[in-house]
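Everything on this sheet refers to the single structure shown next.
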Amino acid sequence: MEHKKTSIQNTLKQNATNMILYEDSFVKTAFFTKEISNWETPIFYFDFDLQYTGFVSAGRTPAHKNLTLFYRQENDSFRKDLKSVIEKISKAKSLVIIDSLNGFFNLLEGKKDIGRLINSFLMLLVSSAKHTKSTVLVGALSKLNDENKFILYNTGRHVIENKHFTKVQLTGSGKMSF
């Protein structure tokens with residue numbers, strides 16, 4: 001088990017962006033909770049599905065001192081928060097968690113070219129993260145389609161493909177595959 005923990009930590013830290021693919025939101029939340037406790041750097045957590053925030057509020061998950069939690073907001077505050085996080089991660093090594101890509105789409109629903117807009121936000125984060133060797137984790141509630149490609153559950157949109165992204169698939173049994 002220790003080898004697997006070291007392996008996932010090394011994998012996540014080596015790459016600026018990691019897609020965390022899952023079918024069970026409780027497995028995803030358990031994964032993020034465990035990961036957060038392993039990081040000493042500042043952590044910026046955008047909780048678009050509110051599950052993690054709910055667990056912290058209920059006292060089921062500890063609130064970490066190095067964690068700044070942003071939860072479902074209006075567009076204006078989201079943009080201010082995103083700008084603030086981009087500035088901070090460009091100056092100091094950090095961890096950014098986007099939980100989840102599905103909720104991110106829901107937040108911006110109705111916007112023109114929503115896919116491009118979200119991709120642009122993510123690329124801004126990734127670009128800023130590279131300067132300080134920060135890490136970005138993006139959770140995506142997804143499944144494989146008939147073409148063996150991951151799609152988002154709620155929209156059927158393809159999960160963002162990028163050769164610089166590491167994909168980690170979580171399973172209900174707690175196993176991970178890369």
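Here is how the numbers come out for the structure above:
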| quantity | calculated |
| --- | --- |
| Yes/no for L69 being under 13 Å from the mean Cα position of the chain (by Cα) and surrounded by 15 or more Cβ atoms within 10 Å (Cβ to Cβ) | yes |
| Test: residue in region 6-25 that is at pLDDT 80 or above, part of a helix (DSSP H, G or I), hydrophobic (A, V, I, L, M, F, W, C) and buried (at least 19 other Cβ atoms within 10 Å of the Cβ) | no |
| Check on T61, out of contact with any strand residue (DSSP E or B) (no Cβ under 8 Å at 6 or more places or on another chain), within 19 Å of L170 (Cβ to Cβ), assigned to a helix (DSSP H, G or I) and open to solvent by less than 60 Å² (accessible area, probe 1.4 Å) | no |
| Single match in I89, I114 (criterion: under 24 Å from W39 (Cα atoms) and among the aliphatic types (A, V, I, L, M)) | I89 |
| Tally, over region 84-98, of residues that are hydroxyl-bearing (S, T, Y) and touching a residue at least 12 places away in the same chain (Cβ under 8 Å) | 2 |
| Single residue of region 109-146 satisfying the filter (free of Cβ contacts under 8 Å to residues at least 12 places away in the same chain and part of a helix (DSSP H, G or I)) that is least open to solvent (accessible area, probe 1.4 Å) | I114 |
| Qualifying residue in region 76-93 (condition: touching a Lys or Arg at 6+ places or on another chain (Cβ under 8 Å), crowded, with 19+ Cβ neighbours inside 10 Å and at pLDDT below 95) | no |
| Residue within region 155-169 that is open to solvent by less than 10 Å² (accessible area, probe 1.4 Å), of a type in the set (V, I, T), more than 16 Å from D24 (Cα to Cα) and modelled with pLDDT of 85 or more present | no |
| Residues of region 31-55 satisfying the condition of being touching a residue at least 40 places away in the same chain (Cβ under 8 Å), part of a helix (DSSP H, G or I) and open to solvent by 40 Å² or more (accessible area, probe 1.4 Å) | none |
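The values are calculated or read from the model by the stated rules, or taken from the named source; none is laboratory data. Note that the coordinates shown come from a computational prediction; the quantities given were computed from them, not determined experimentally. Neighbour counts are summed over all protein chains in view; Cβ atoms, including those assigned to glycine, are modelled from backbone coordinates with ideal geometry. Surface areas here come from the heavy atoms of the whole protein model, side chains and all, with no ligands, DNA or RNA. Shrake-Rupley method; radii C 1.70, N 1.55, O 1.52, S 1.80 Å.
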